[in-house]
Each structure stands twice: as C-alpha cells, then as structure tokens.
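The values are calculated or read from the model by the stated rules, or taken from the named source; none is laboratory data. Not measured: the values here are computed from a predicted model. Cβ coordinates were reconstructed from backbone atoms using ideal geometry, including for glycine residues, and neighbour counts include every protein chain displayed.
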Amino acid sequence: MQIKTVGVVGAGQMGNGIAHVFALSGYDVLLTDVSQDALEKALALIDRNIERQVAKGRTSPEDKAAAMDRIRTTTRLADLGPADLIIEAATERETVKQAIFEDLLAHIQPHTILTSNTSSISITRLASRTDRPEKFMGFHFMNPVPVMQLVELIRGIATDEPTYKTLLGVVDSLGKTAASAEDFPAFIVNRILMPMINEAVYTLYEGVGSVKSIDESLKLGANHPMGPLELADFIGLDTCLAIMNVLHDGLADTKYRPCPLLTKYVEAGWLGRKTGRGFYDYRGETPVPTR
C-alpha cells in the first residue's frame with residue numbers, strides 16, 4: 001500500500017519531530033493535539049529546526065517552504081479520518097493511548113494503518129483494543145527525531161506482513177534505518193538503555209558518585225556522547241520511570257525495580273529539561289547538578 005497522508009497524534013517533543021521528518025520527506029501531515037497552544041508551539045519549533053538544517057546546508061529554503069506547507073494542524077481527532085497512516089505520539093500512559101485509538105475507530109478508512117510511538121507498552125495489547133490488529137504496529141522513533149537515524153518497528157502478534165513491509169518502506173523513504181523488534185516490554189533500545197539509566201540513579205542514590213562524576217565517567221570512560229543522568233533529564237524522568245515500571249511489571253524481575261530516588265524526583269515534579277529541573281537545574285545559563 002502507498003502512504004501519502006500521515007496523521008500524527010500529539011504535538012509534544014516526539015510528535016513535532018515526527019511531523020517534521022514526514023513533511024520534509026514529501027508526505028502530507030495532519031498534526032493534532034488537544035491544545036491549540038501546543039500546536040502553535042510545535043509549528044514554530046518545526047520551522048526553527050528546519051531552518052537550522054537549511055543553515056547547515058542539509059536542506060534548501062525551497063524544501064523548507066514546501067515542508068511547512070505540507071503540515072496542517074487540528075484539535076479534532078476525527079479530522080485524521082482520511083489519513084493512510086496514523087502515528088500516536090501521546091504521553092506514555094496506556095490508558096491515554098487506548099482512549100485515542102478507540103476514539104479514532106469511528107472515523108478512519110478501512111485501509112488506514114494504526115501505529116504507536118510507544119517506547120515500552122505492549123503493541124499486541126494496544127492493537128487488541130482496535131478493529132484492525134493486523135494493521136497495527138509499534139513505530140518507535142528516537143529522540144530527537146530529525147537527528148536520530150533509528151526507528152524500531154514492533155510487530156504485535158496479529159500484525160500482517162503487508163503492514164510490516166509498508167512501514168519498512170516508509171522508514172526507508174525518511175532516510176532512516178529500521179530495526180525490527182519483538183513485542184516484549186521496552187523492545188530493544190529501552191530494554192537495554194533504561195536499566196543503565198536506572199543503575200546510574202542507584203549509583204547516585206547509594207552515594208557511589210555524584211551527578212557530575214557519574215556522567216563524566218560514562219562520557220569519558222565508555223565514550224558515551226551524553227552521561228546517563230543528563231540523558232535521563234533529556235528524555236524526561238517521568239518517561240524513564242514509566243518505562244522501568246513497564247519492565248518491572250512485564251518481566252517480574254527485581255533487576256528492573258525503579259530506583260526510589262528516580263521516583264522521588266518524579267514525585268517532586270523535577271522531570272528534567274522540560275520542567276527546568278531534574279538531575280540538573282536548567283534555570284540558569286549553564287546546567288548545575290542538583291545532587
């Protein structure tokens with residue numbers, strides 16, 4: 001099946017990046033969110049991010065203008081009805097995602113492929129709440145979407161081969177690389193990455209190292225471009241905690257138990273960059289460790 005129109009649900013950090021790469025690759029994009037303010041901020045951010053690509057010579061002013069023209073916005077979920085492909089990129093809570101798909105069912109076309117950008121939640125379970133589990137997949141982009149090359153493709157137990165091959169082609173058309181993952185908690189990337197971040201938080205919690213020493217150790221000792229606590233702040237500590245809970249609940253292994261300090265930061269509302277404080281305080285000119 002040929003994909004021409006793409007609906008993106010959620011105009012946050014992931015949704016605006018997904019809209020950006022699809023529009024720049026020639027797809028017509030309809031971006032939706034419950035907040036008109038969020039949609040306006042997303043459009044402004046997409047404009048700035050593509051302009052940055054123009055400044056670096058990675059795209060042309062003409063391609064930027066064409067991409068921005070391809071993006072429309074709406075606060076009505078029903079407006080996504082004509083889309084060939086819908087990508088849900090809402091908050092990482094299963095009840096929210098289920099409600100979105102249930103609301104979409106009355107409006108979409110028989111051929112529409114449904115996908116979720118979830119980083120950890122069962123694709124099989126999400127698909128089972130729709131009328132087309134065979135046309136449902138996990139479509140997990142990495143953050144920041146315009147920069148990161150990987151897309152995880154996760155088949156639920158019912159996903160058919162034509163749907164999988166269609167999305168393989170879509171990933172290729174975006175200039176990205178697909179990694180196929182089985183539908184187990186957190187898939188590949190976060191199954192490996194989140195326990196590392198959680199262990200870094202335990203290392204801080206137990207006083208083995210400070211925020212600065214832990215991050216410098218991984219950057220300089222393991223050649224990571226970003227320390228694990230800095231990365232957690234970038235991802236969002238609430239998202240990290242949600243994924244650890246999915247791993248802990250889904251695999252029933254104590255090695256996935258979320259660190260109490262991670263829970264405490266989330267309870268405090270210190271979620272990282274997006275709230276101005278996490279393992280670092282971002283309210284000044286330069287980030288300062290909070291522990």
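For a quick check of your reading of the model, give me the residue pairs whose first member lies in the stretch 134-148 and is on the phi > 0 side of the Ramachandran plot and in contact (Cβ under 8 Å) with a residue 24 or more places away in the chain, whose second is surrounded by fewer than 23 Cβ atoms within 10 Å (Cβ to Cβ) and part of a loop (DSSP other than H, G, I, E, B), with beta-carbon atoms closer than 6 Å and at least 6 apart or on different chains.
none
Residues 197, 192: which one is of a type outside the set (Gly, Ala, Ser), in contact with a Pro (Cβ under 6 Å, 6 or more places away or on another chain) and modelled with pLDDT of 95 or more?
197
Out of 28, 37, I need the residue that is of a type in the set (D, E, K, R) and in contact with a helix residue (DSSP H, G or I) (Cβ under 8 Å, 6 or more places away or on another chain). Which one?
On inspection, the qualifying residue turns out to be 28.
Go through the stretch 184-218 and give me each residue that's surrounded by 17 or more Cβ atoms within 10 Å (Cβ to Cβ) and of a type in the set (Lys, Arg).
Of everything in the stretch 184-218, just one residue is surrounded by 17 or more Cβ atoms within 10 Å (Cβ to Cβ) and of a type in the set (Lys, Arg), namely 191.
When the residues of the stretch 239-262 are filtered to those that are closer than 15 Å to residue 229 by Cβ and not aliphatic (A, V, I, L, M), which remaining residue is surrounded by the most Cβ atoms within 10 Å (Cβ to Cβ)?
Going through the qualifying residues, I end up with 240.
Which of the residues spanning the stretch 101-132 are surrounded by fewer than 21 Cβ atoms within 10 Å (Cβ to Cβ) and farther than 23 Å from residue 191 by Cβ?
Hits for the stretch 101-132 are 102, 103, 105, 106, 107, 109, 110, 111, 129, 130, 131, 132.
Go through 102, 40 for me and flag whichever is of a type in the set (Asp, Glu), modelled with pLDDT of 95 or more, under 30 Å from residue 272 (Cβ atoms) and out of contact with any Phe, Trp or Tyr (no Cβ under 7 Å at 6 or more places or on another chain).
Selected residue: 40, the only one of 102, 40 that is of a type in the set (Asp, Glu), modelled with pLDDT of 95 or more, under 30 Å from residue 272 (Cβ atoms) and out of contact with any Phe, Trp or Tyr (no Cβ under 7 Å at 6 or more places or on another chain).
Between residues in the stretch 155-168 that are crowded, with 18+ Cβ neighbours inside 10 Å and residues that are among the acidic types (Asp, Glu) and not in a loop (DSSP other than H, G, I, E, B), which pairs lie under 7 Å by C-beta distance while being six or more apart or on different chains?
Correct list of pairs: 159/134; 163/134.
Does residue 226 satisfy being closer than 24 Å to residue 276 by Cβ, modelled with pLDDT of 95 or more, of a type outside the set (Lys, Arg) and not in a helix (DSSP H, G or I)?
yes
Kindly indicate whether residue 285 is in contact with a helix residue (DSSP H, G or I) (Cβ under 7 Å, 6 or more places away or on another chain), of a type in the set (D, E, K, R) and more than 26 Å from residue 97 (Cβ to Cβ).
No: the conditions fail for residue 285.
Only residues that are touching a Lys or Arg at 6+ places or on another chain (Cβ under 9 Å), in contact (Cβ under 8 Å) with a residue 40 or more places away in the chain and outside any strand (DSSP E or B): list them for the stretch 272-281, please.
Residue satisfying the conditions is 279 alone.
Which residue pairs have Cβ atoms closer than 8 Å, lie 6 or more positions apart in sequence or on different chains, and pair a first residue in the stretch 251-271 that is modelled with pLDDT of 95 or more with a second residue that is among the polar types (S, T, N, Q) and not in a helix (DSSP H, G or I)?
Here the result reads 270/290, each pair linking the stretch 251-271 to a residue that is among the polar types (S, T, N, Q) and not in a helix (DSSP H, G or I).
Please give the number of the condition residue 223 fails out of (1) crowded, with 16+ Cβ neighbours inside 10 Å; (2) more than 22 Å from the chain's Cα centre (by Cα); (3) polar (S, T, N, Q); (4) closer than 26 Å to residue 179 by Cα.
All conditions are met except number (1).
All but one of (1) more than 27 Å from residue 149 (Cβ to Cβ); (2) buried (at least 22 other Cβ atoms within 10 Å of the Cβ); (3) hydroxyl-bearing (Ser, Thr, Tyr) hold for residue 74; state the number of the condition that does not hold.
(2)
Could you run through the stretch 148-166 and say how many residues are of a type in the set (Gly, Ala, Ser) and within 19 Å of the chain's Cα centre (by Cα)?
Qualifying residue count for the region: 1.
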